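The values are calculated or read from the model by the stated rules, or taken from the named source; none is laboratory data. On a predicted model such as this, the values are computed, not experimentally measured, just so you know. Cβ placement follows ideal geometry from the backbone for every residue including glycine, while neighbour counts extend to all protein chains displayed.
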Amino acid sequence: MLEVDGAGSSDRVVWREGLGAVSRVRHLMDAQGTEILFSVDNVGPVVAAMRRVDQRGDGRGWVNLSPVLSVEQALQVPSRSGLAAWFSGRGPMVPMATWAPSGAGTRPRGSQVGVAHGTGPNGVDRLADRGVVPLEGWVTRQDHAKHGLVFDLPATYDVEEVVGWMIAAVSALCQVIESGSEWQAVVHETIE
């Protein structure tokens, strides 16, 4: 059973399957990163945050994107115990996309985009069936039932296009609910 203290039907919640709970969005910043609530019509704040993380050039940090669910939508998501999630061959029921910047140093790497999802194997094919294909120059690094999709990005790319693709991919792989126009980004970066 899902209980959200003081939540009315118009409240929005953020699904955090890994934490085993749904929590109300109250804070713009917590120990887990800086949360940015945005709509699909205004991705500017997320794009700006991604550019800021990328400009550091150290490859440290990442940005997670996920849909914001209504309480009714959250109630439709089947719950899984921690043990079931650990041994399951599938990823999360509510997909999440992650972008990581390129990094220099002793082990340089390019930028990557990943999508954790619970639709099983052949996620790239499933996306293509729904009209979502990797952008030009992307290389599929991983397509795994539990660990999700990972793409290597080319050296140059349009950050706004990447955000649009991430939203489209998560929406296409969402099995239990239909994602709406409200989204959340969690920006993780090391502050020195």
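Within the range 145-156, track down each residue that is outside any loop (DSSP other than H, G, I, E, B) and either loosely packed, with under 14 Cβ neighbours inside 10 Å or at pLDDT 90 or above (or both).
If the condition is that a residue be outside any loop (DSSP other than H, G, I, E, B) and either loosely packed, with under 14 Cβ neighbours inside 10 Å or at pLDDT 90 or above (or both), then 149, 150, 151, 152 are the ones that fit.
Can residue 161 be described as within 26 Å of residue 35 (Cβ to Cβ) and not basic (Lys, Arg)? Yes, satisfied.
Every listed requirement among (1) modelled with pLDDT of 90 or more; (2) over 24 Å from residue 168 (Cα atoms) is met by residue 30 save one, (1). Kindly evaluate residue 140 against the criterion of being over 26 Å from residue 34 (Cβ atoms), part of a strand (DSSP E or B) and touching a helix residue (DSSP H, G or I) at 6+ places or on another chain (Cβ under 8 Å). It is true that residue 140 is over 26 Å from residue 34 (Cβ atoms), part of a strand (DSSP E or B) and touching a helix residue (DSSP H, G or I) at 6+ places or on another chain (Cβ under 8 Å).
Kindly provide the set of residues from the range 157-179 that are at pLDDT 95 or above, in a loop (DSSP other than H, G, I, E, B) and loosely packed, with under 14 Cβ neighbours inside 10 Å, ordered by number. Residue satisfying the conditions is 158 alone. Scanning the range 112-128 for residues that are farther than 17 Å from residue 167 by Cβ and crowded, with 21+ Cβ neighbours inside 10 Å yields one hit, 118.
Residue-by-condition table, conditions (1) at pLDDT below 90; (2) assigned to a loop (DSSP other than H, G, I, E, B); (3) surrounded by 15 or more Cβ atoms within 10 Å (Cβ to Cβ):
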site: 3; (1), (2), (3): yes, yes, no
site: 6; (1), (2), (3): yes, yes, no
site: 9; (1), (2), (3): yes, yes, no
site: 26; (1), (2), (3): yes, yes, no
site: 35; (1), (2), (3): no, no, yes
site: 47; (1), (2), (3): no, no, yes
site: 65; (1), (2), (3): no, no, yes
site: 68; (1), (2), (3): yes, no, yes
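Every test in (1) touching a residue at least 40 places away in the same chain (Cβ under 8 Å); (2) under 30 Å from residue 55 (Cβ atoms) is passed by residue 131 save one, and that test is (2). Scanning the range 72-106 for residues that are out of contact with any Lys or Arg (no Cβ under 8 Å at 6 or more places or on another chain), part of a loop (DSSP other than H, G, I, E, B), modelled with pLDDT of 75 or more and not aliphatic (A, V, I, L, M) returns a single hit, 95.
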